[in-house]
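A.B. asks: Below you will find the structure I want to go over with you.
The values are calculated or read from the model by the stated rules, or taken from the named source; none is laboratory data. None of these values were measured; they are calculated from a predicted model. Virtual Cβ from ideal backbone geometry, glycine too; neighbours counted across all protein chains shown.
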Amino acid sequence: MTQSSVSVKICGITTMEAAEAAAEAGAAYLGFISFPKSPRHLTLSKAQELGKSLPQGPARVGVFVNAAEQDILEMIEALDLTHLQFHGHESPEHIRALKDKTGLQTIKALAIADSSDLEKAVPYYKSVDFLLFDAKPPKGSDLPGGNNVSLPWALLRNLKTPLPWFVAGGIHRGNMHEAVHQSHATMIDISSGVESKPGLKDIAKIKALLYEIKQMK
Ligand SMILES: O=C(O)c1ccccc1N[C@@H]1O[C@H](COP(=O)(O)O)[C@@H](O)[C@H]1O
């Protein structure tokens, strides 16, 4: 298999078919949303069902928004998660405590509209393992992520941070080259861009996007 220099997280997985397609096509991370307002929300029972036979290989990321600790622990067990992604107002201390308790890798998502927003990452430098930069949600949206909106990618180009980071938000096959080129990202996170409608992953889009990523050097 050709190795791309860009790692991909396919987020918002709700079916075994999507998980297998993403794993088979080379996704490095599979993301599972635990947020009831999301069209991609996985109930605990659905997560337990999926967790029984998820493909080996990709890391498994649980995505949480100001979630209760008990809910996080249950999802860790159901999906055998390797990473916890925090997409709400979780403090560095709270994430550090969850990391210490679970031993899992942690990702803090931050909403970025201009360069001043990048400062929001600094307090997390010593508490998390990865950063994830997403666009600010449109006014009135119920979701802090998964809105199919892009941030100004070039803002990330000269980012100086000690942590590895993902770029997320509104990335799809048609703009991923530009997203990578402008941001200099080595990890990208995609959800809406591989769906046929919110919450419904499109297997052909997953395969095509990951195939094209493999061709990138
Ligand atoms: O996807 C969701 O529904 C979601 C809900 C709550 C928090 C985060 C969510 N998704 C995250 O959003 C980005 C990708 O968004 P896009 O759909 O590609 O624009 C990614 O970090 C997801 O984990």
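A.B. asks: Just wondering, is there one or more residues in segment 73-80 that are within 16 Å of residue 108 (Cα to Cα) and either surrounded by 14 or more Cβ atoms within 10 Å (Cβ to Cβ) or under 16 Å from the mean Cα position of the chain (by Cα) (or both)?
C.D. replies: no
A.B. asks: Read through the list (1) crowded, with 16+ Cβ neighbours inside 10 Å; (2) under 19 Å from residue 89 (Cβ atoms), then give the number of the only condition that residue 179 fails.
C.D. replies: (2)
A.B. asks: So how many residues does segment 17-44 have that are among the aromatic types (Phe, Trp, Tyr) and either touching a Pro at 6+ places or on another chain (Cβ under 6 Å) or under 15 Å from residue 210 (Cβ atoms) (or both)?
C.D. replies: 1
A.B. asks: For segment 168-215, which positions are of a type in the set (Val, Ile, Thr) and either over 16 Å from the mean Cα position of the chain (by Cα) or within 14 Å of the ligand (Cβ to nearest atom) (or both)?
C.D. replies: Hits for segment 168-215 are 171, 188, 190, 194, 203, 206, 213.
A.B. asks: Any chance segment 79-100 includes a residue that's part of a helix (DSSP H, G or I), of a type in the set (S, T, N, Q) and either modelled with pLDDT of 95 or more or under 28 Å from residue 214 (Cβ atoms) (or both)?
C.D. replies: No - not one qualifying residue is present in segment 79-100.
A.B. asks: Taking segment 193-208, which residues are surrounded by fewer than 21 Cβ atoms within 10 Å (Cβ to Cβ), touching a residue at least 24 places away in the same chain (Cβ under 8 Å) and not hydrophobic (A, V, I, L, M, F, W, C)?
C.D. replies: 198, 199, 205, 207
A.B. asks: Can you give me the number of residues within segment 121-148 that are farther than 21 Å from residue 28 by Cα, crowded, with 16+ Cβ neighbours inside 10 Å and more than 11 Å from the ligand (Cβ to nearest atom)?
C.D. replies: Of the residues in that region, 4 qualify.
A.B. asks: Still on this model: With respect to residue 55, is the statement that it is out of contact with any Phe, Trp or Tyr (no Cβ under 6 Å at 6 or more places or on another chain), in contact (Cβ under 8 Å) with a residue 60 or more places away in the chain and not small (Gly, Ala, Ser) true?
C.D. replies: no
A.B. asks: Right, something else. If you go through segment 149-167, how many residues are near the ligand (Cβ under 9 Å from one of its atoms) and of a type in the set (S, T, N, Q)?
C.D. replies: Residues in segment 149-167 being near the ligand (Cβ under 9 Å from one of its atoms) and of a type in the set (S, T, N, Q): 1 in total.
A.B. asks: Now, a different point. Residues in segment 39-57: is at least one within 13 Å of the ligand (Cβ to nearest atom), modelled with pLDDT of 95 or more and basic (Lys, Arg)?
C.D. replies: Scanning segment 39-57, I find at least one residue that is within 13 Å of the ligand (Cβ to nearest atom), modelled with pLDDT of 95 or more and basic (Lys, Arg), so the answer is yes.
A.B. asks: Just the residues that are farther than 24 Å from residue 67 by Cα, in contact with a Gly (Cβ under 8 Å, 6 or more places away or on another chain) and not polar (S, T, N, Q), please, taken from segment 119-169.
C.D. replies: 151
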